[in-house]
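**Student:** Below you will find the structure I want to go over with you.
The values are calculated or read from the model by the stated rules, or taken from the named source; none is laboratory data. Worth saying up front: this structure is predicted, and the values here are computed from it rather than measured. Cβ: placed from backbone, ideal geometry, glycine included. Neighbour counts: every protein chain shown. These area figures cover heavy atoms from the full protein model, side chains too; ligands, DNA and RNA do not enter into them. Shrake-Rupley method; radii C 1.70, N 1.55, O 1.52, S 1.80 Å.
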Amino acid sequence: MESLRRLPWTDGGRTAYVPLGDGLVNHLADVMEGEMLVMARADVARGRAMAGDPEASGAELRRAVRYLARAVEDAVLVADLRGERLPGVEA
């Protein structure tokens, strides 16, 4: 059976897969995973700055928490996706 890679996006709400390889879709998935991590790092920096601002409003802090929650979700998804591709790891 050919190994499949779970993609960091869905197809009409369903989990999307592609055969492992060096093709365009695999490359796009790699780029998207990298961008998810870049955005997560930016959200962390923004959240830390907001947490250190004594004049930050409750609404601003709640927004920061939402961004941080998304950052954690994205980082966990990338970790899961990459972990699934490690040799000897059952998906």
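**Student:** State the percentage of accessible surface on segment 8-73 attributable to carbon and sulfur atoms; use a 1.4 Å probe and exclude ligands, DNA and RNA.
**Tutor:** C and S fraction of accessible area: 59 percent.
**Student:** Report, to the nearest 10°, how far helix 24-51 tilts away from the longest principal axis of the Cα atoms in the chain, using its own Cα long axis and a range of 0 to 90°.
**Tutor:** For 24-51 against the chain, the angle is about 20 degrees.
**Student:** On to the next question. With each pseudo-label sitting 7 Å past Cα toward Cβ, what's the residue 62-residue 45 distance in nm, one decimal?
**Tutor:** The two pseudo-label positions are separated by 2.8 nm.
**Student:** If you average 1/r across every pair of different Cα atoms in the chain and take the reciprocal, what Kirkwood value do you get, in Å?
**Tutor:** 15.0 Å
**Student:** Sequence-distant or interchain residues sharing an amide H contact under 5 Å with residue 5, placed H: which?
**Tutor:** HN-HN under 5 Å from residue 5: 18, 20.
**Student:** Relative to the first principal axis of the alpha-carbon coordinates of the chain, what is the inclination of helix 58-84, with its axis defined by its Cα atoms, in degrees from 0 to 90 and to the nearest 10?
**Tutor:** 20 degrees
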